[in-house]
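The block underneath contains the structure these notes are about, expressed in structure tokens.
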Amino acid sequence: MSAAVSGPGAFVQIFEFNTDRIVEYDGIQDRFAETIGTARTTRWSILAADRDRPGRYLAVVEFPGYPEAMANSGHRATATFLAELRAICDGEPEFRNLDVRQSRPY
């Protein structure tokens, strides 16, 4: 596994959601990865549970850049992923789109 750190020009998307069905998330993620196959443009992702707000989760997904993120976003597998995610959520997921300006390995 590479220890690469995102650098300037990379693009990060964070999405937050509430669910009491988090055990289903892995299956949703696995189906997405299988369906999108080699068209996937993500480099890495993290799923985290919010310790201060039970049932609140954050996913962080990194892309080489904005164009690659938009290519991934426009793929039919992403639409299916989002529909399946919404089905397990309490409310609408919230998305943040971030241009990486700086990163530092420690």
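Evaluating kT/(6 pi eta Rh) at 4 °C and 1.567 mPa s, with the Kirkwood radius of the chain over Cα pairs in the Stokes-Einstein relation, gives 89 µm² s⁻¹.
For Arg53 and Asp20, the difference between the fully extended length at 0.36 nm per residue and the C-alpha to C-alpha distance is 10.7 nm.
Along the chain, the exposed loop sites are trypsin sites (Lys or Arg not before Pro) outside DSSP states H, G, I, E and B with at most 13 other Cβ atoms within 10 Å, and the longest stretch free of them is 52-100. Per-residue surface analysis assigns Ile22 an accessible area of about 50 Å², computed on protein heavy atoms at 1.4 Å probe radius. Counted as membrane-span-like here are DSSP H helices of the chain whose alpha-carbon atoms extend 15 Å or more along the helix's own axis and whose Kyte-Doolittle mean is -0.5 or above; these are 76-88.
The values are calculated or read from the model by the stated rules, or taken from the named source; none is laboratory data. Here the structure is a predicted model, which is why all the values come from computation and not from measurement. So basically every Cβ, Gly included, is an ideal-geometry build from the backbone, and we count neighbours across all protein chains shown. The accessibility values were calculated without ligands, DNA or RNA, using every heavy atom of the protein model including side chains. Shrake-Rupley method; radii C 1.70, N 1.55, O 1.52, S 1.80 Å.
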